[in-house]
Amino acid sequence: MTVESTAARKTTRRSSGTKRTASASAGAKKSQTSEPELVQLLTPEGERVQHPDYDIDLSADELRGLYRDMVLTRRFDAEATSLQRQGELGLWASLLGQEAAQIGSARALRDDDYVFPTYREHGVAWCRGVDPANLLGMFRGVNHGGWDPNSNNFHLYTIVIGSQTLHATGYAMGVAKDGADSAVIAYFGDGASSQGDVAESFTFSAVYNAPVVFFCQNNQWAISEPTEKQMRVPLYQRAQGFGFPGVRVDGNDVLACLAVTRWALERARRGEGPTLVEAFTYRMGAHTTSDDPTKYRADEEREAWEAKDPILRLRAYLEREGHADAAFFDALEEESETLGKRVREAVRSMPDPDHMAIFENVYADGHALVDEERAQFAAYQASFADGEVK
Amino acid sequence: MAVQKLPLAKALNESLRKALESDPKVLIMGEDVGKLGGVFRVTDGLQKDFGEDRVIDTPLAESGIVGTAIGLALRGYRPVVEIQFDGFVFPAYDQIVTQLAKMHARALGKIKLPVVVRIPYGGGIGAVEHHSESPEALFAHVAGLKVVSPSTSSDAYWMLQQAIQSDDPVIFFEPKRRYWDKGEVDTEAIPGELHKARVAREGSDLTLAAYGPMVKVCLEAAAAAQEEGKSVEVLDLRSMSPIDFDTIQTSVEKTRHLVVVHEAPVFYGSGAEIAARITERCFYHLEAPVLRVGGYHAPYPPARLEEEYLPGLDRVLDAVDRSLAY
């Protein structure tokens, strides 16, 4: 397979009617989940379609790269879920089903852009070059973060819902003040859109014309609460009331997510302010390993969404176009297993933090009470004959 | 001339001006801080001189103010945000407690959060509901935050600049009923440490420990006690997190009596913390239990009742008498 010849090939052009795909009817029963303006470039069957406003031209190499990112991220996620079941992690928030939304949006970013994630952006972290093992420290309970946010321009995971959208907005205000042409992206979910902080971040970003992209992964469920318990109007339409554009994209279509996010980032760079991107997707697993989705949602719903699986559709496209051969898929399978093994070993060999870590980095400039309590704790530890606290 | 007599609010204004001049990364943010200069005029004239990019009028959204300030700090700025009144800080409490206080630790020290949150606090100005509260203990209880309150113009001038220079988040409580009290400010002095208590008046019979708006009341009480032949030492704590227990201990070892005075409710208040720790440190020096004078376990009352609620001269002197009677 040659990259040049396949990349040059014309993609299938569909008529520009408003009806998209058979899958579009799945959520049409509820107004807030209808898909009238779902940007799509790749159908669930893996057919390439055009969009008048958001198109993209990727080489076969780039397409395979996106596929690889999604497969490895899913493999990592599956390993983490297993590790939780085996008692190695206290909790895990799976991204299963949201790979396209995360990889597509993250691959639109430049290195100098800054990311403010929730606690589920494992695919984005992957694209930013954060070691996957580092994501597991907080879920294992050895730290509350585990990486230097400035090393990869990837902020710490944020557990409190929606808080990070304000941090992203403030950071973007700073970017604008600096006269830099980078952009900021804030990830959040459909549940977070009910939070005041998200509304306030929309207000601030609009007022100050901050170069920030709000990337909402509407995965249909906020733990057990469906989107109709969160909103009465399609999410992306909310942006209009704040004075910036909102776009709903097929969140299981990695090409569409990439194209729309790239467009939104370019708007931000040009000084045209914020954009809300609603990636219409589905969380195939539980919210976290603590909940049981069989208690609150029907199997048929998940099955309907499985037919729209982001990885399968890109694979179908790669195969149909001859962009990837068996050797590629086999090698990727092997790479996946190696990643899984590495992650498993990294977690199991992760040392517990030193006892004195309790008192570290509470303050940058120190604090008399922390100093006093540290000394008391050290003396208490030293009081044990064998020098160890059990 | 370096020494000027300034009202406390004006000293804060001069302090902010100095901070804006000396560090281009310092920003002022808040509701009405621009043209109006803040409802107490603490930021008066700063936007005119430093522009809308440095002195930023914000939407009316406290969580947004603090949340975006966190983002700006992550970008390398040093935001000084104004919460218009004490009772309005609660919409931002989540951002302050769950984000601002913890981010440095969560990042294993890799990032710093030099954000100052200025809060005019306390009663005594005849205001309406939510405009007279003293929530300092709620912030001092949170690890990761530093909490200070000046009581004089000089401290207002210096402590605010020190708070801005700190790499830690600082909750800066301004005693609003002292905004108009004048005091000398030496802008060329070498300031004391931000978290060190000050002996505001020396005495040998009893120690009164206070901060912010209550320092003045305690000084008046000490003067009144002097007329009755009692020598009362007054400590201005200046910092509620950390608290300078060493200075309190030194004083109590001398006077053997301690009364802590604050406007906030006594229950679970900073007085309780001071009483407990000083009892531990000075058990064999104390001749009386540590007493506390403060607000009641009730919502801050309507203005017509605040004189009853707030510790005044008589309540402080009553506590002095009770302590010395042991």
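The values are calculated or read from the model by the stated rules, or taken from the named source; none is laboratory data. Please read all numbers here as calculations on a predicted model, not as lab measurements. Neighbour counts run over all protein chains shown; Cβ positions are idealised from the backbone, glycine included.
A few comments on the model shown:
- Taking region B:156-194 as the range and being under 15 Å from the mean Cα position of the chain (by Cα) and over 30 Å from B:Glu306 (Cα atoms) as the test, the residues that pass are B:Trp158, B:Gln161, B:Gln162, B:Ala163, B:Ile164, B:Pro169, B:Glu193, B:Leu194.
- Here B:Ile190 meets the list (1) farther than 23 Å from B:Thr279 by Cβ; (2) surrounded by fewer than 16 Cβ atoms within 10 Å (Cβ to Cβ); (3) touching a residue at least 24 places away in the same chain (Cβ under 8 Å); (4) not hydroxyl-bearing (Ser, Thr, Tyr) almost entirely, failing just condition (3).
- For region A:132-157, the set of residues classified as in contact with a helix residue (DSSP H, G or I) (Cβ under 7 Å, 6 or more places away or on another chain), closer than 24 Å to A:Ala78 by Cβ and part of a loop (DSSP other than H, G, I, E, B) consists of A:Leu136, A:Asn143, A:Gly145, A:Gly146, A:Trp147, A:Leu156, A:Tyr157, listed by residue number.
- For the criterion of being over 14 Å from A:Arg120 (Cβ atoms), at the interface with chain B (Cβ under 7 Å from one of its Cβ atoms) and surrounded by fewer than 19 Cβ atoms within 10 Å (Cβ to Cβ), A:Asp148 passes.
- When residues of region B:139-154 are limited to those that are under 13 Å from the mean Cα position of the chain (by Cα), in a helix (DSSP H, G or I) and more than 11 Å from every other protein chain (Cβ to nearest Cβ), the one farthest from B:Pro191 (Cα to Cα): B:Phe139
- Scanning region A:120-150 for residues that are over 29 Å from A:His355 (Cβ atoms) and basic (Lys, Arg) yields A:Arg120, A:Arg128.
Each row is one residue, and each column tells you yes or no for (1) part of a loop (DSSP other than H, G, I, E, B); (2) modelled with pLDDT of 95 or more; (3) surrounded by fewer than 20 Cβ atoms within 10 Å (Cβ to Cβ).
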site	(1), (2), (3)
A:Arg14	yes, no, yes
A:Gln32	no, no, yes
A:Pro36	yes, no, yes
A:Gly65	no, yes, yes
A:Arg74	no, yes, no
A:Gln84	no, yes, no
A:Trp92	yes, yes, no
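- Checked against the criterion of being assigned to a helix (DSSP H, G or I), surrounded by fewer than 15 Cβ atoms within 10 Å (Cβ to Cβ), among the charged types (D, E, K, R) and touching a residue at least 24 places away in the same chain (Cβ under 8 Å), the candidates A:Arg344, A:Arg320 yield just one match: A:Arg320.
- A:Asp61 being surrounded by fewer than 17 Cβ atoms within 10 Å (Cβ to Cβ), modelled with pLDDT of 95 or more and farther than 19 Å from A:Trp263 by Cβ: yes
- Only residues that are of a type in the set (A, V, I, L, M, F, W, C), buried (at least 23 other Cβ atoms within 10 Å of the Cβ) and not in a loop (DSSP other than H, G, I, E, B) were counted across region B:230-248, and they come to 5.
Yes or no, residue by residue, for (1) more than 29 Å from A:Met70 (Cα to Cα); (2) without any contact (Cβ under 8 Å) to a residue 60 or more places away in the chain; (3) crowded, with 18+ Cβ neighbours inside 10 Å:
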residue	(1), (2), (3)
A:Ala168	no, yes, yes
A:Ala172	no, no, yes
A:Arg232	yes, no, no
A:Pro245	no, yes, no
A:Val249	no, no, yes
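- Condition check for B:Ala200: within 14 Å of chain A (Cβ to nearest Cβ) and either acidic (Asp, Glu) or not in a loop (DSSP other than H, G, I, E, B) (or both): no
- Subset of region B:56-94 (residues that are closer than 28 Å to B:His104 by Cβ, within 13 Å of another protein chain (Cβ to nearest Cβ) and assigned to a strand (DSSP E or B)): B:Ile56, B:Arg78, B:Pro79, B:Val81
- When restricted to residues that are facing another protein chain (nearest Cβ under 9 Å), crowded, with 24+ Cβ neighbours inside 10 Å and either among the aliphatic types (A, V, I, L, M) or in contact (Cβ under 8 Å) with a residue 60 or more places away in the chain (or both), region A:176-201 contains 1.
- Residue match in region B:32-45 (condition: of a type in the set (A, V, I, L, M, F, W, C), within 11 Å of chain A (Cβ to nearest Cβ) and under 20 Å from the mean Cα position of the chain (by Cα)): no
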